[in-house]
Every structure is written in C-alpha cells, then in structure tokens.
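These notes concern the structure reproduced below.
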Amino acid sequence: MSAPERGARDPGLQPERTRLAWRRTTLTATVVAVLAGKSALRDGPGAAAFAGCVLCCGLWLGFLGVAHRRIRALSGGVPPETFTPRHAGTAALCTIALAVCATALVL
Amino acid sequence: MIEFARNVRLWFVPERIREDGGTPDYRFSLANERTFLAWLRTSLALIGGGFAVDQFLPDLRWAWRVGLALGLLAAGVLCALRSVNHWIRCERAMRRGEDLPVSRFPALLGIGVALVAVAMVVAVLVGWEA
C-alpha cells in the first residue's frame, strides 16, 4: 500500500468516510442532548432545570466544536492532519460529562 | 493500571506520541479514528438508553428504574473512557509496527448489555410497578 501524494484524491474515500463518521457521532450526541433537555424540564421550568439545560447545551456545543474542527481538517488535502489525543480526550470528556449530568437528573 | 495512567498522560501531552516509531499510513490512522468514533457512539447510545429508561418507564418501581438507568450510564462512561484508551493503544502499536492490542472489553460489554436487557424484560413482564 503506497500513500497517494499530497493534494491527490484518495480512491478509497477514507477522509470522506471519517467525516461522515463524525457526522453520525454528532447526530447521536444531539439525540442524547435532546433527551437530557427533556429530562431536565420534566418537573416544569425552574432555576435547576434551566441550569441543567444550559449545561447539557454547553457540553453538546463542546462536542460540536471538536467535530467541526475535525471535519474541516478532513476536508483539506490528502493526507489530512493527524487526529490528536487532545481532541479524542475532549470528545470523550464531553460524553462522560453528559453521563454525569444524566446521573444527577436520574437521582 | 500503570499503563492506563501513562495513556491518560498522553491525552494531554499529545506530542509524546510522535516520539514512538514512525508515522503509519494515514489510511490506517483514519480507520482507527472511525473505530474510536464507533465506540463513542456506542457510549452515547448507552447514555441515551439510561435517559430512556428513566423517562419512558415511569411506572417501574423507583429502585429498579434508577438501578437500570445507572447501570446503563455507568456502562456508557466506561465505554467512553475505553474508546480513548483503545485508540491510543492502537495508534501506538501501529507506530511501533506491533500487533494491534486485543481486549476483552467487547465481550464484557456484551454480557453487561444482555444482563440489563434481561432485567428490563423481567421488570416489565412481572410488572413490579410502584
């Protein structure tokens, strides 16, 4: 397997597939954030519900930010920029923080 | 455990990963990234399942509802942590030209999800309602 030259198109469409994987993951995060908002507003509006909604929206935006940066990097030339552990860690931490919010809402 | 701590340090000092071996073919790195994303989606789905149990089974007894929801949420957290750790381990193995790491996590997660599903069927069928 020889890597294609910079600026060439990848015949296996690897960057596109990875970009779409980021889109799918963002969509899943959106569904979870909507469920979180619904759960926060179950007992009617109030300061706690508002804070929960803001927190979940913030986490969703954090995830969206990572995904957006990565999608832009993947839309550039071939080979694309490498994915760093910092981005992976940020995406995973947003997910874990959503789970912590969920625990607080369930209890 | 020491290995895990070393990997966690790599999350925040990403330059260190470049010290190992050579850069692999970018297509392998992208495949590894997609695997990471697939695991992250699994994690998000488990968290969504936790929310769903809490919201859509309101007639269940409190202990069952909260227990099942917390089980799913804990599985989601574990899955997210493991996704990053496994991604780093695979990336390092590829840089060093070693075999990819094996893991018993998928089997354990499968058993865990099956147990939660059985518990949910029992709880709904037997109807331990509040």
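The values are calculated or read from the model by the stated rules, or taken from the named source; none is laboratory data. It should be emphasised that the depicted structure is a prediction, and the values quoted were computed from it without experimental measurement. Cβ coordinates were reconstructed from backbone atoms using ideal geometry, including for glycine residues, and neighbour counts include every protein chain displayed. Note: areas computed on protein heavy atoms with side chains; ligands, DNA, RNA excluded. Shrake-Rupley method; radii C 1.70, N 1.55, O 1.52, S 1.80 Å.
What distance in nm lies between label points placed 7 Å from Cα along the C-beta direction at B:Val113 and A:Val100?
Label-label distance for B:Val113 and A:Val100, simple model: 2.6 nm.
Pop the C-beta distance of B:Val8 and A:Glu16 into the FRET formula with R0 = 45 Å and round what comes out to the nearest 0.05.
According to the calculation, E is roughly 0.90.
For the residue pair B:Thr23 and A:Arg9, what label-to-label distance in nm results when each label sits 7 Å from Cα along the Cα-to-beta-carbon direction?
Modelled inter-label distance: 2.4 nm.
For the stretch A:9-102, state which trypsin sites (Lys or Arg not before Pro) are in a DSSP loop and have at most 16 other beta carbons lying within 10 Å of their beta carbon.
Passing sites in the stretch A:9-102 are A:Arg9, A:Arg42.
Between A:Leu64 and A:Arg23, with labels modelled 7 Å along Cα→Cβ, what's the label distance in nm to one decimal, could you check?
Placing both labels 7 Å along Cα→Cβ, they lie 1.7 nm apart.
Would you list the P(r) distribution for chain A, with all Cα-Cα distances sorted into 10 Å bins from 0 and each bin expressed as a whole %?
P(r) for chain A, in whole percents per bin: 14, 38, 24, 15, 7, 2.
Please compute the Kirkwood hydrodynamic radius over the stretch A:46-107, one decimal place, Å, based on all pairs of different Cα atoms.
One over the average 1/r among Cα pairs gives 13.1 Å for the stretch A:46-107.
Select from A:Thr84, A:Thr95, A:Thr28 the residue whose mean-square fluctuation is largest in a Gaussian network model of chain A (Cα-Cα springs shorter than 10 Å).
Greatest mean-square fluctuation among the candidates belongs to A:Thr84.
What angle, in degrees between 0 and 90 and rounded to the nearest 10, separates the Cα long axis of helix B:105-126 from the longest principal axis of the Cα atoms of chain B?
Value to nearest ten degrees: 10.
At 1.4 Å probe size, put B:Trp62, B:Trp11 in order of accessible surface, largest to smallest.
B:Trp62, B:Trp11
Give, in whole angstrom and from largest to smallest, the semi-axes √(5λ) of the equivalent ellipsoid of chain B, with λ running over the eigenvalues of the Cα gyration tensor.
38, 13, 12
Please work out how much accessible surface B:Ser103 shows to a 1.4 Å probe, ignoring ligands, DNA and RNA, in Å² rounded to 10.
For B:Ser103, the solvent-accessible surface is approximately 50 Å².
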